[in-house]
2 protein chains.
Amino acid sequence: MGLGRVGLPTAALFAKAGAKVTGVDVMREVVEETNAGKCRLKDEPGLAQIIRETVKAGTLRATLTPEGPVSSADFVVMCVPTPVDETKSPDYSSIDKVSHTVGRFLKRGSVVIVESTVGPGIVEEMVLPILESESGQKGGEDFGLASCPERSDPGNIVKNMSSVPRIVGGYDAVSTVLVAALYESAFGVKTIKVSDPKTANAVKLTENLFRDVNIALANEFALLYEKLGVDAIEVINACATKYNFMPHYPGAGVGGPCLPSNSYYLISEGVRAGNIPYIIRLAREINDRMPDHVVELVGEALNEAGRTIRESRIAILGVAYKPNVKDVQLTPVERVFSRLKEMGAQVQLYDPMFKGERVFGLLVRDKLEDAVRNADCIVVGTAHNEFKNLDLRRLSKIAKKGAAFVDARNVVTAAGAVQAGFAFRGVGRRPR
Amino acid sequence: MGLGRVGLPTAALFAKAGAKVTGVDVMREVVEETNAGKCRLKDEPGLAQIIRETVKAGTLRATLTPEGPVSSADFVVMCVPTPVDETKSPDYSSIDKVSHTVGRFLKRGSVVIVESTVGPGIVEEMVLPILESESGQKGGEDFGLASCPERSDPGNIVKNMSSVPRIVGGYDAVSTVLVAALYESAFGVKTIKVSDPKTANAVKLTENLFRDVNIALANEFALLYEKLGVDAIEVINACATKYNFMPHYPGAGVGGPCLPSNSYYLISEGVRAGNIPYIIRLAREINDRMPDHVVELVGEALNEAGRTIRESRIAILGVAYKPNVKDVQLTPVERVFSRLKEMGAQVQLYDPMFKGERVFGLLVRDKLEDAVRNADCIVVGTAHNEFKNLDLRRLSKIAKKGAAFVDARNVVTAAGAVQAGFAFRGVGRRPR
């Protein structure tokens, strides 16, 4: 149920392992493309081939109609999105809807698996009652139910799905054993059996919030060290030589389908239980403010170059929320872009994953040089591989003389940028 | 300068490496014990032998008088404590005092090394001017100056000092090279050369605050998961199977000479620079409140057993701030102890490191059984090795019938405690 960033590779990998898989989605073009053996996700290495082969072999097909596949399935896997709304409240409407659909057609003896990321308790208190009332069956007796949250990293999903251990928390003991056996045999991964679905969902949130909080902490160090004249990247790399330190790096903020939303699933359950997770909430706020800090650095660097944001020509290199993926979901670069536009800049975009496509309503240039030509300021928004070895002297000749350079993603050195003639600023960097 | 937890092993290891070392301290008994070849630190494996041998060989001696040793030294190493006062402001009075002393007797051409943990900028803005005005010499020209923060873990200092890379930030380039060469040759460790003293001090604080914040995050998860009926330890152990997660565990709080103070050195510089590190401050507050949560769990567990804290006999197992060290500096167990006393409990202490000594004004029992006898509640405050395999059934027979058991350090399982007949609570645990 759901052929998105997680559902499509999950379907394809189950089909590759020999299962007969039907992917159900609400978008006609997704279904048609998949049935034509085409892969919508261009940034998932290995996936296109698996889809081509499994569709050709007849083990993978897609449909808009849930009734047939659900009523005949031994396992039903929910991979629908769980975003947050504008007030940062979890939006469980897709989970709600798909639970009704699955419940309506559920075969006796089948097992329902929730891969979607949800707050601890949502499977027990929302999915289960809907399945039971729609099916007239009893969970843990007539049908099985388990959480097995996806643990993959966009851009590495095929590799992750066959290497990262899966967490399995069944509503009943049989579901835990069955689902663990399913993933072990289909994906060749280890499984960690936990007490119940809410524990499995807590694991998924805890590991993602660990990342979100530690990136926020890196950003907090960056903001302070900029003021103290200390280079945060130098500090973090030196810390990484200690056995009990794990490096995280500051940047333009945190985007994507997981980290900007996951905190709110837990905060929501926390508020309900009368126990607000303060650090997690604060971390989210710090990460959300980083794009504004990037704009502040743009203002500072342009000021040093004797210019204003207003009427400057600014080239943003990288719009994706993270390196080497074709994904602008909740990318922090969008706020950098819109703030600069609001302040009167003329912005050009370049991103190797989006050449010639429209992003934020603007056509992304085909060539980096076209975006940078005559720019008053260059801003690095994403650390794509292509930006790791920028020829700063050449860029400085293409851009306006004495232009500014703001590195929000630690792809250049301050010394290199300054030597090339740029007025330099970077998140967490000393300006020289 | 300073023969405490860091200074004594540093002196001993330099002496062992063949240097002629004089340790200066203000406490007569420290000097006398050291000169007698005795080791004050009983919980540092390997140290006693090194002190015995180096004192016997004449390469290590101690004195109360700084003039002679400072005026003849090629290297002067500052290892004085940098605590915080009651308002959590950094107390740099020892650094100030020792800087005056060292400056007064400083030999031309010698190098001053600051191992003490200080805020970024303190060496440049406080130590350097004092050294210059007292000596009439110029730093970086007439004498060298570098930060080389100690990076050791109490209880493992001898091992850490010869394995964990050292961070060296010189005020001038020659100091960096000299001090790096000194530590590499004396301790056989790698060195990481950084831009300046303030960067080296930022590294030390960043790596320790990473730990403090992540323990606070684990505590935040624990507090919430208790309410949601999820076992935080189960969750954290499952998370640890993911490649980008590092496990930290909840507990009774954070103590010792470093973590409870280090945040405030950075907060203090942040306040001065107009950039308060919010997460770091919040983390400190969360960790500081954990002892109160332990007391709350004691109240809950006793309540389940039909008793009040008032008039209960409570055995606290473990008073040290962390496992297997003889150190109660800022131990969170002290607040657990004092709160329980205030509320009218009759408290017994047992700790294998402090048998027969007075701690918190109370005599620590010689035997675990004597502390536990007739107890209404047992509280585990420190995860000493001795407590890792507690025989719960036996303890339950020694304690009062139907007693409570509160595990603040994850040394027993809830199931084991309940089966032994205890009313169980634990930080981050399900009560069954």
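The values are calculated or read from the model by the stated rules, or taken from the named source; none is laboratory data. Given the structure is predicted, the values throughout are model-derived calculations rather than measurements. Note that each Cβ is placed from the backbone with ideal geometry, even for glycine, and that neighbours are counted across all protein chains shown.
Could you say whether any residue in region A:28-39 is within 22 Å of residue A:80 (Cβ to Cβ), surrounded by fewer than 19 Cβ atoms within 10 Å (Cβ to Cβ) and among the aliphatic types (A, V, I, L, M)? No, because not a single residue in region A:28-39 is within 22 Å of residue A:80 (Cβ to Cβ), surrounded by fewer than 19 Cβ atoms within 10 Å (Cβ to Cβ) and among the aliphatic types (A, V, I, L, M).
Whether a residue is farther than 19 Å from residue A:301 by Cα, free of Cβ contacts under 8 Å to residues at least 40 places away in the same chain and not aromatic (Phe, Trp, Tyr) was assessed, and residue A:327 does not pass this test. Is there a residue in region A:295-314 that is more than 28 Å from residue A:43 (Cα to Cα), among the β-branched types (Val, Ile, Thr), not in a helix (DSSP H, G or I) and not assigned by TED's automatic domain parsing to the domain that holds residue A:211? Within region A:295-314, one or more residues are more than 28 Å from residue A:43 (Cα to Cα), among the β-branched types (Val, Ile, Thr), not in a helix (DSSP H, G or I) and not assigned by TED's automatic domain parsing to the domain that holds residue A:211.
Restrict the check to region B:170-177 and report whether at least one residue is within 9 Å of another protein chain (Cβ to nearest Cβ) and touching a Pro at 6+ places or on another chain (Cβ under 9 Å). No: zero hits. Every residue in region B:31-56 that is in contact with a helix residue (DSSP H, G or I) (Cβ under 8 Å, 6 or more places away or on another chain) and among the hydrophobic types (A, V, I, L, M, F, W, C), please. Of everything in region B:31-56, those that are in contact with a helix residue (DSSP H, G or I) (Cβ under 8 Å, 6 or more places away or on another chain) and among the hydrophobic types (A, V, I, L, M, F, W, C) turn out to be B:36, B:39, B:41, B:47, B:50, B:51, B:55. Please work out which one of (1) more than 28 Å from residue B:49 (Cβ to Cβ); (2) at pLDDT below 95 is the condition residue B:156 fails and give its number. The number of the failed condition is (1).
For (1) of a type in the set (Asp, Glu); (2) farther than 21 Å from residue B:172 by Cα; (3) outside the structural domain of residue B:23 (by TED's automatic domain parsing), each residue gets a yes or a no:
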{"position": "B:59", "(1), (2), (3)": "no, yes, no"}
{"position": "B:67", "(1), (2), (3)": "yes, yes, no"}
{"position": "B:77", "(1), (2), (3)": "no, no, no"}
{"position": "B:91", "(1), (2), (3)": "yes, yes, no"}
{"position": "B:113", "(1), (2), (3)": "no, no, no"}
{"position": "B:122", "(1), (2), (3)": "no, no, no"}
{"position": "B:128", "(1), (2), (3)": "no, no, no"}
{"position": "B:132", "(1), (2), (3)": "yes, no, no"}
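From B:271, B:235, grab the single residue that is within 11 Å of chain A (Cβ to nearest Cβ) and modelled with pLDDT under 95. Within the list B:271, B:235, the selection yields B:271. Residue count for region B:143-172, restricted to those that are buried (at least 22 other Cβ atoms within 10 Å of the Cβ) and not in a loop (DSSP other than H, G, I, E, B): 12. Being away from every other protein chain (no Cβ under 13 Å) and closer than 30 Å to residue B:196 by Cα is not true of residue A:311. Tell me yes or no: at least one residue of region B:285-293 is surrounded by 17 or more Cβ atoms within 10 Å (Cβ to Cβ), among the polar types (S, T, N, Q) and within 28 Å of residue A:282 (Cα to Cα). Yes, the conditions are met somewhere in region B:285-293. For the criterion of being among the β-branched types (Val, Ile, Thr), in contact with a Pro (Cβ under 8 Å, 6 or more places away or on another chain) and surrounded by 15 or more Cβ atoms within 10 Å (Cβ to Cβ), residue B:21 fails. Counting only helices (runs of 4 or more DSSP H) that sit completely within region B:1-120, those holding 3 or more residues that are among the β-branched types (Val, Ile, Thr) correspond to B:28-35, B:47-57, B:93-105. Scanning region A:196-225 for residues that are under 26 Å from residue A:162 (Cβ atoms) and polar (S, T, N, Q) yields A:199, A:201, A:206, A:208.
Restricted to region A:177-281, the set of helices (runs of 4 or more DSSP H) holding at least 1 residues that are small (Gly, Ala, Ser), surrounded by fewer than 21 Cβ atoms within 10 Å (Cβ to Cβ) and in contact (Cβ under 8 Å) with a residue 12 or more places away in the chain comprises A:259-273. When A:102, A:114 are checked against the criterion of being crowded, with 19+ Cβ neighbours inside 10 Å, under 19 Å from the mean Cα position of the chain (by Cα) and modelled with pLDDT of 95 or more, A:114 stands alone in meeting it. Cβ separations smaller than 7 Å between residues 6+ apart or across chains give the following pairs from region B:34-63 residues that are of a type in the set (Lys, Arg) to residues that are crowded, with 16+ Cβ neighbours inside 10 Å and assigned to a loop (DSSP other than H, G, I, E, B): B:42/B:326. On the basis of being closer than 25 Å to residue A:329 by Cβ and not small (Gly, Ala, Ser), does residue A:52 make the cut? No; evaluated as a whole, the condition is false for this residue.
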